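Where a number appears in this text, it was derived from the coordinates with a stated rule and is not lab data. From a predicted model like this one, the values you see are computed outputs, not experimental measurements. Cβ atoms come from the backbone with ideal geometry, glycine included; neighbour counts cover every protein chain shown.
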Amino acid sequence: MFRSIKAAVLLVALASVPAAPAPAGTASEVRGLYDQFLAAQNARDLEAVRAVLLPSPEFQWVSDGKSFWGPDALVARMSQFQKAELWHVTPDTARARVVEIGADAAYLYQPLTLKIGRAAAPSEIPFLVNVLCVRTPDGWRIAALFTTTEKP
């Protein structure tokens, strides 16, 4: 219950911050972080995936309408998906947007296509991925992921 309240407060707080395009440096750093996350997923390297996540039980991934808390929960769930013969994420970089929330926080809107399933006949699923990134003493990290299928 407490986590749900904290998540709601965070979303309300983010919604109340005037959105501004991120400066070029922030935008390229956040996109670079997402590129690392993407490369790790496509390589099925779950330790490299974990390395770009905020190492905190407050890390959140909302997937299929469910919240998963902490990097361990993401890695466990993603490991189940990656048992598929084919798993490949292709971002639509032309539609991606980075919005700076503050000096140490930015939001990435990233449409993508996930190919998953049998290599001979994979499913291609369009997703919208929204990523909250925070700057830490160790560099940028993903603090939250919100994923949903994209509706035409």
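Summing charges over all other residues whose Cβ lies under 9 Å from the Cβ of LEU108, with Lys and Arg as +1 and Asp and Glu as -1, gives +2.
Put the Cα centre of segment 31-48 next to the Cα centre of segment 100-152 and the gap is 11 Å. Using 0.36 nm per residue and subtracting the Cα-Cα separation, the extra length available between VAL75 and VAL134 on full extension is 19.3 nm.
Cα-Cα pairs above 18 Å in segment 19-149: how many percent? Could you put the intermediate results ahead of the total?
Numbers: 4465 of 8515 pairs.
The share of Cα pairs beyond 18 Å in segment 19-149 comes to 52 percent.
Here each label is just a point 7 Å from Cα along the line to Cβ, and for ALA43 and ALA94 those points are 2.9 nm apart. The residue list TRP87, ALA76, PRO57 was ranked by how far each Cα lies along the charge dipole of segment 16-120 toward its positive end, using unit charges on Cβ atoms, and TRP87 comes out on top.
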